[in-house]
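Asker: Starting off with a structure, shown below.
The values are calculated or read from the model by the stated rules, or taken from the named source; none is laboratory data. What you are looking at is a predicted structure, and each value in this text was computed from that prediction instead of being measured. Positions of Cβ are backbone-derived with ideal geometry, glycine not excepted, and every protein chain shown enters the neighbour counts. These area figures cover heavy atoms from the full protein model, side chains too; ligands, DNA and RNA do not enter into them. Shrake-Rupley method; radii C 1.70, N 1.55, O 1.52, S 1.80 Å.
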Amino acid sequence: MAHHTVEKIGGTSMSRLDELRDTLLIGGREGAELYGRIFVVSAFGGITNLLLEHKKTGEPGVYGQFAESDNTHGWHDALNRVANAMIEAHSSILEHPADIQQATDFVRTRIDGARNCLIDLARVCSYGHFRLSEHMLQTRELLSGLGEAHSAYVTVLMLQRAGVDARLVDLSGWRGDGDVDLEQRILGALDGVDPMTEMPIVTGYAQCKEGLMREFDRGYSEVTFSHLAALTGAREAIIHKEFHLSSADPNLVGQDAVRKLGRTNYDVADQLSNMGMEAIHPKAAKTLRQADVPLRVTNAFEPKDPGTLIDDQPAESSAVEIVTGLDIIALELFEQDMVGVKGYDASILDVLTRHDVRIVSKVSNANTITHYVDASLKSMRRVEKDLEKLYPSARISSRTLSMASVIGRDLSGLSCLQRGLVAIAEEGLEAIGASQGPRNVDVQFIMERDILKPVIKALHKTFIEAQDKPEMRKAA
């Protein structure tokens, strides 16, 4: 498998699968040109929301209804909605009636199987010796795997109808042996598969005894993707998105103003993840980096564009590559007697970890420690209560703010902190905090939430758009 690629298609792109058939999957390729590519697919757009819960609103899907409902009607109805949405999704993509019927039969078989499993689980847990809460992680994984199994099956039907030798590689563990680790699951499923003569379509969800959702929750498909690339020695791992990895959000700064990155490294990818703008999950990036597999991020609907290559190489020259932002909460603990006393920071970290609060950054001085976190106000109230018990004489508060970040492989010599503050001030705006580490890969600016967007535009104009104007480059 030395010359193949492993390529991942996200859920939103999967909903345009018929377009991808004519561009990315087949395009103008014939014969051997079609192969040498393993595709990892996500569920069709919106399906995982219906199976678990809506990613943005939190509206419960089948999982949420099953976990919280006192009656069976809620989750049964939710499961019916999933089946209808799946059938609607593949009916809009597949063209041949026989393929549509096969896909519909597949959906009904999997949905009925899942329904019977949940009924049996609820019945067993109605006895005092068994607790439903102890089985909810496995329930979440069972439900989530339905989405990827469906989209992979539909993709294979579509490609086979078009004359491609496509093969379903189902890692979801449906009615299979659950006592295998991720490596065994992947290598076992690929036994006898030759990607140079056929096109494997692999489910983004992989059932394994580690339980991917325990650590990664809905980021599991990138973990499957990265391990698949590493284990098979892929020459390149490719993520196909609906957009290019760009210098900023084009909807914010303008399509004509953004620049495709083209080339960056895993260090920048980690900073993007820290800012909630994941090119790839940090653990997945680690797997690829350690296996010496470069990552490419492309626009799925511009297959001739090489996209952005991410590897472990340093930049050839100093440059800002991307400007992004994130809404945060500042958790501040002020204790007059903190000076010279150890243990405060460790205790705060312990509380934040216990409440699963993600830390973006932090600053401290003699008697104050401030953590900038990505969390809800509801969870922060619980954090504050725990800290008040530990430090009753401390003053603890949470404040909603935003953070803008200027990121690049090498920012040395660019005076990004100084120039960024000037750019913000020239727009009549104010940063209430700023910091830059000695590694020169990012600069962070803290501000009130209502000015995040204009701050990003100002920083992008100064550091990215100015690079295209010779006179401004000279001034910089």
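Asker: Rank G45, W75, Y63 by how far each Cα sits towards the positive end of the charge dipole of the stretch 43-97 (+1 on Lys, Arg Cβ; -1 on Asp, Glu Cβ) and give me just the farthest.
Answerer: G45
Asker: May I pose another question? Please give, to one decimal in nm, the separation of the simple spin-label points placed at Q101 and D327, each 7 Å out from Cα toward the Cβ.
Answerer: Inter-label distance under the simple model: 5.0 nm.
Asker: For the stretch 197-354, what is the charge dipole size about the Cα centre, in debye to the nearest 20, if Lys and Arg each add +1 at the Cβ and Asp and Glu each add -1 at the Cβ?
Answerer: The calculated dipole for the stretch 197-354 is roughly 500 debye.
Asker: Determine the share of the stretch 1-153's accessible area contributed by carbon and sulfur atoms, expressed in whole percent, with a 1.4 angstrom probe.
Answerer: Roughly 50 percent, rounded to a whole number.
Asker: Sticking with this structure for a sec: Using r as the Cβ-Cβ distance of D292 and T109, and R0 as 60 Å, what FRET efficiency do you calculate, to the nearest 0.05?
Answerer: Efficiency for this residue pair is about 0.90.
Asker: Helix 377-390 sits at what angle to the longest principal axis of the chain, using alpha carbons and giving 0 to 90 degrees rounded to 10?
Answerer: The angle comes out near 60 degrees.
Asker: Another question, if that's okay. Leaving ligands, DNA and RNA out of it, report the carbon-plus-sulfur percent of the accessible area of the stretch 379-476 at a 1.4 Å probe.
Answerer: After summing per-atom areas, the C and S share lands at 48 percent.
Asker: Tell me the relative contact order for the stretch 163-300 as a rounded percent, counting alpha carbon contacts under 8 Å between residues six or more apart.
Answerer: Once divided by the residue count of the stretch 163-300, the mean separation gives 25 percent.
Asker: Which value, in debye to the nearest 20, gives the size of the charge dipole of the chain about its Cα centre, when Lys and Arg are +1 and Asp and Glu are -1 at the Cβ?
Answerer: 640
Asker: Note down the net charge around L411, summing +1 for each Lys or Arg and -1 for each Asp or Glu among other residues with Cβ under 11 Å from its Cβ.
Answerer: Charge balance in the 11 Å sphere: 0.
Asker: Same structure again: Within the accessible area of the stretch 236-369, what % is carbon and sulfur when the probe is 1.4 Å and the other protein chains stay in place?
Answerer: In the stretch 236-369, the share of accessible area belonging to carbon and sulfur is 46 percent.
Asker: How much net charge surrounds I100 when only other residues with a Cβ under 15 Å from its Cβ are counted (Lys, Arg +1; Asp, Glu -1)?
Answerer: -3
Asker: Now a separate question. Please work out which option in (i) 32, 25, 23; (ii) 39, 28, 19; (iii) 41, 32, 19 gives semi-axes √(5λ) of the Cα gyration tensor in Å calculated from these coordinates, and answer with its label.
Answerer: Matching entry in (i) 32, 25, 23; (ii) 39, 28, 19; (iii) 41, 32, 19: (iii).
Asker: Right, next: Taking the Cα centroid of the stretch 357-381 and of the stretch 51-110, what is the distance between the two, rounded to the nearest whole Å?
Answerer: After rounding, the separation between the Cα centres reads 38 Å.
Asker: From Cα pairs below 8 angstrom and at least 6 apart in sequence, can you work out the relative contact order of the chain, rounded to a whole percent?
Answerer: Relative contact order comes out at 14 percent.
Asker: Still on this structure, I have one more. Per residue, how much accessible area does the stretch 1-127 show when a 1.4 Å probe rolls over the protein heavy atoms, in square angstrom?
Answerer: 48
Asker: Give me the one-decimal nm value for the distance between modelled label points at E88 and S364, 7 Å along each residue's Cα-to-Cβ direction.
Answerer: 5.2
Asker: If I fit a long axis through the Cα atoms of helix 452-463 and take the longest principal axis of the Cα atoms of the chain, what angle between them do I get, 0 to 90°, rounded to 10?
Answerer: 80
Asker: At a Förster radius of 45 Å, what calculated FRET efficiency corresponds to the Cβ-Cβ distance of E30 and W174, to the nearest 0.05?
Answerer: For R0 = 45 Å, the calculated efficiency reads 0.85.
Asker: Grab the DSSP H runs of the chain that are 4 residues or longer, score each as -39,500 (n - 2.57), total them, divide by all residues and round the 222 nm result to the nearest 500 deg cm²/dmol.
Answerer: Calculated at 222 nm, the ellipticity per residue is -12500 deg cm²/dmol.
Asker: Tell me whether the stretch 96-229 comes out rounded, prolate or oblate; compute the Cα gyration tensor, take square roots of the eigenvalues as a ≥ b ≥ c, and use a/c under 1.5 as the rounded threshold.
Answerer: Verdict is oblate for the stretch 96-229.
Asker: Give the angle, between 0 and 90 degrees and rounded to the nearest 10, that separates the Cα long axis of helix 344-354 from the longest principal axis of the Cα atoms of the chain.
Answerer: With rounding to tens, the tilt is 20 degrees.
Asker: Can you order the peptides 170-182, 75-87 by their average number of other Cβ atoms within 10 Å per residue, highest first?
Answerer: Highest-to-lowest ranking by the protection proxy: 75-87, 170-182.
Asker: Summing Lys, Arg as +1 and Asp, Glu as -1, what charge do residues with Cβ under 15 Å from the Cβ of T400 carry, T400 excluded?
Answerer: Residues close to T400 contribute a combined charge of -2.
Asker: What is the distance in Å between the Cα centres of the stretch 6-37 and the stretch 262-341?
Answerer: When both Cα centres are located, 27 Å separates them.
Asker: Taking a ≥ b ≥ c as the square roots of the Cα gyration tensor eigenvalues, with a/c under 1.5 meaning rounded and otherwise prolate when a/b beats b/c, else oblate, which class fits the stretch 244-292?
Answerer: prolate
Asker: Okay, moving on. According to the square roots a ≥ b ≥ c of the eigenvalues of the Cα gyration tensor, what is the shape class of the stretch 236-333, taking rounded for a/c under 1.5, prolate for a/b larger than b/c otherwise, and oblate for the remainder?
Answerer: Cα axes put the stretch 236-333 in the oblate bin.
Asker: Okay, next question. Determine the alpha carbon to alpha carbon distance for each of K283/K362; K260/K453; K362/K453; K260/K283; K286/K385; K362/K389 and list only those over 27 Å.
Answerer: Cα-Cα > 27 Å for K286/K385; rest within.
Asker: Send over a whole-number figure in Å² for the accessible area per residue of the stretch 187-308, probe 1.4 Å.
Answerer: Value returned for the stretch 187-308: 39 Å² of accessible area per residue.
Asker: Still on this model: When the dipole is taken about the Cα centre of the stretch 32-162, and only Lys, Arg (+1) and Asp, Glu (-1) are charged at their Cβ, what size is it in debye, to the nearest 20?
Answerer: It comes to approximately 120 debye.
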